[in-house]
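K.L.:
Input: one structure, supplied below.
The values are calculated or read from the model by the stated rules, or taken from the named source; none is laboratory data. Worth saying up front: this structure is predicted, and the values here are computed from it rather than measured. Virtual Cβ from ideal backbone geometry, glycine too; neighbours counted across all protein chains shown.
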Amino acid sequence: MVTNLNKKVFWCKNCLNMSTRPRISFDERGWCNACQWMEEKQVMDWSVREEELQNILNRYRSKTGGFDCIVPVSGGKDGSYVSYQLKHKYGMNPLAVTVTPALSLELGNTNLRNYIERGYNHIQISPDSHAMAVLNRQGFIEKGFPYFGWLIAIQSAVVRLAVNLNIPLLFYGEDGEVEYGGSTESKNRAMYDIQYMKRIYLEGGYEQVLRSSGFPDSELYFFLFPTDKELKGKELNITHWSYFESWDPYRNYITAKEHCGLEEAPENNAGTFTNFAQNDQALYALHTYMMYLKFGFGRATQDAGIEIRRGAMTREQAVNLVQLYDGHYPEEFIPDYLEYYQMTQQEFDDVLDKWANPYLFEKVNDRWTPTFTIE
């Protein structure tokens, strides 16, 4: 269930992205494509993309006071920042949309309430909870992806709502492939489509997990993308805000804290040294642990890379933090996971074992321990 690492594992010479990261590439210096993009952003003439954004917004801006764009939000920094910019800088009328996650955290619920109270129109979509649980469980088992059902819904349900309400523009936050190291095919393209969502963000596993669920379409409504028939005659433009301006997660955090009521966790989040991102659901800690088992990097590696690329941390500092925090086994949430997935501890551990990469880890005292050292 894991890929044999025939080539030597290595790390980006600028940040700590690993060669195991899906779809990543490196230049002759040993810099990953996320760091190459960082360099490009520093010299790019962003006024060209600003003009492109203005043209798009002017084309679709409502003249009747109706909603003219949708922004998926959780109450976290990125969706808050994007909707704030659209409303207050560009004069758009965004509809904020939240897809309810499983095992939501109280801080996430508080931040979402704070955001709404700052003056945003908001719809919360709560897909069939039983179907969500089964899809998340199947994603955990079949894809090593603990909230795969929710990952489907934050795309399919939001797209479906846009189509049903005839809202032509859909703004997600960052293009994670471009910003953090992955496919660069969308780097110079503003819009993407449903097929791209399925292929890249759902890792080609959309049909596989849906088929294994056994649910009728009526219970999967919010997990099903609109059909070609439903899309006929509809205008649907899906894009990332990060295409139009230099993406900076820390700036987004400061903006969301000042203008949208964002609150941080009182302590560091599980598996990292930060406390202001991904505070909406308990399954995220398992997601990053699974990422660690499969590829050798976790939440701290991702956060450290962001800090390095924005000039706030040296690589040496990052190595120390990653060694301290990465690969955290989310023991504090295990009882919740077992109850949610309806699994015994042994069944849960068997899934972890199935996805742990034996070319990167060995089991010591019932815990997977890395056999590599960051270089």
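K.L.:
Looking for whichever is under 30 Å from Arg310 (Cα atoms) and part of a loop (DSSP other than H, G, I, E, B) here; the options are Glu179, Glu174. Which one fits?
P.N.:
So the residue among Glu179, Glu174 that is under 30 Å from Arg310 (Cα atoms) and part of a loop (DSSP other than H, G, I, E, B) is Glu174.
K.L.:
Please give the number of the condition Thr227 fails out of (1) farther than 30 Å from Lys41 by Cβ; (2) crowded, with 16+ Cβ neighbours inside 10 Å.
P.N.:
Of everything listed in (1) farther than 30 Å from Lys41 by Cβ; (2) crowded, with 16+ Cβ neighbours inside 10 Å, Thr227 misses just condition (2).
K.L.:
Considering the stretch 186-224 alone, what residues qualify as being of a type outside the set (A, V, I, L, M), under 27 Å from Glu40 (Cβ atoms) and touching a Lys or Arg at 6+ places or on another chain (Cβ under 9 Å)?
P.N.:
Glu203 - this is the single residue of the stretch 186-224 that is of a type outside the set (A, V, I, L, M), under 27 Å from Glu40 (Cβ atoms) and touching a Lys or Arg at 6+ places or on another chain (Cβ under 9 Å).
K.L.:
Right, here's the next one. Here are some conditions: (1) on the phi < 0 side of the Ramachandran plot; (2) surrounded by 15 or more Cβ atoms within 10 Å (Cβ to Cβ); (3) not assigned by TED's automatic domain parsing to the domain that holds Glu50. Val209 meets all but one. Which one does it not meet?
P.N.:
Unmet condition: (3).
K.L.:
Still on this structure, I have one more. Based on what the data block shows, is Gly305 assigned to a loop (DSSP other than H, G, I, E, B), small (Gly, Ala, Ser), touching a residue at least 40 places away in the same chain (Cβ under 8 Å) and buried (at least 19 other Cβ atoms within 10 Å of the Cβ)?
P.N.:
no
K.L.:
Checking Asn164 against (1) surrounded by fewer than 24 Cβ atoms within 10 Å (Cβ to Cβ); (2) touching a Ser or Thr at 6+ places or on another chain (Cβ under 6 Å), only one condition comes out false. Which one?
P.N.:
Condition (2) is where Asn164 drops out.
K.L.:
Among the residues of the stretch 176-204 satisfying the criterion of being over 18 Å from Glu52 (Cβ atoms) and hydrophobic (A, V, I, L, M, F, W, C), which is surrounded by the fewest Cβ atoms within 10 Å (Cβ to Cβ)?
P.N.:
In this case the residue turns out to be Ile194.
K.L.:
Can you list the helices (runs of 4 or more DSSP H) found entirely within the stretch 32-147 that contain at least 3 residues being modelled with pLDDT of 95 or more, under 30 Å from Glu263 (Cα atoms) and under 21 Å from the mean Cα position of the chain (by Cα)?
P.N.:
Because the criterion is at least 3 residues that are modelled with pLDDT of 95 or more, under 30 Å from Glu263 (Cα atoms) and under 21 Å from the mean Cα position of the chain (by Cα), the helices (runs of 4 or more DSSP H) in the stretch 32-147 that meet it are 33-43, 77-84, 106-117, 129-143.
So that you can scan it fast, the table gives a plain yes or no per residue for (1) of a type outside the set (S, T, N, Q); (2) surrounded by fewer than 21 Cβ atoms within 10 Å (Cβ to Cβ):
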site	(1), (2)
Lys13	yes, yes
Arg23	yes, yes
Cys32	yes, no
Asn58	no, yes
Arg61	yes, yes
Tyr84	yes, no
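K.L.:
Checking the structure you have, find out if any residue of the stretch 310-325 is of a type in the set (D, E, K, R), modelled with pLDDT of 95 or more, surrounded by 13 or more Cβ atoms within 10 Å (Cβ to Cβ) and in a helix (DSSP H, G or I).
P.N.:
Among the residues of the stretch 310-325, at least one is of a type in the set (D, E, K, R), modelled with pLDDT of 95 or more, surrounded by 13 or more Cβ atoms within 10 Å (Cβ to Cβ) and in a helix (DSSP H, G or I), which makes the answer yes.
K.L.:
Right, here's the next one. Under 9 Å by Cβ, and 6 or more places apart or on different chains, what pairs join a residue from the stretch 70-96 that is more than 21 Å from Thr274 (Cβ to Cβ) and in the same structural domain as Gln54 (by TED's automatic domain parsing) with one that is among the charged types (D, E, K, R) and outside any loop (DSSP other than H, G, I, E, B)?
P.N.:
Partner pairs satisfying both residue conditions: Asn93/Lys87; Pro94/Lys87.
K.L.:
To continue, here is another question. One residue is enough: does the stretch 172-185 have a residue meeting the conditions among the polar types (S, T, N, Q) and either farther than 20 Å from Ser83 by Cβ or in contact with a Phe, Trp or Tyr (Cβ under 8 Å, 6 or more places away or on another chain) (or both)?
P.N.:
yes
K.L.:
Step by step: first the residues of the stretch 253-297, then only those that are part of a helix (DSSP H, G or I) and touching a Pro at 6+ places or on another chain (Cβ under 8 Å), then the one that is surrounded by the fewest Cβ atoms within 10 Å (Cβ to Cβ). Which residue is that?
P.N.:
Met290
K.L.:
Can you say whether Phe145 is farther than 27 Å from Phe244 by Cβ and not assigned by TED's automatic domain parsing to the domain that holds Leu283, as far as the supplied structure shows?
P.N.:
Spelling it out, Phe145 is indeed farther than 27 Å from Phe244 by Cβ and not assigned by TED's automatic domain parsing to the domain that holds Leu283.
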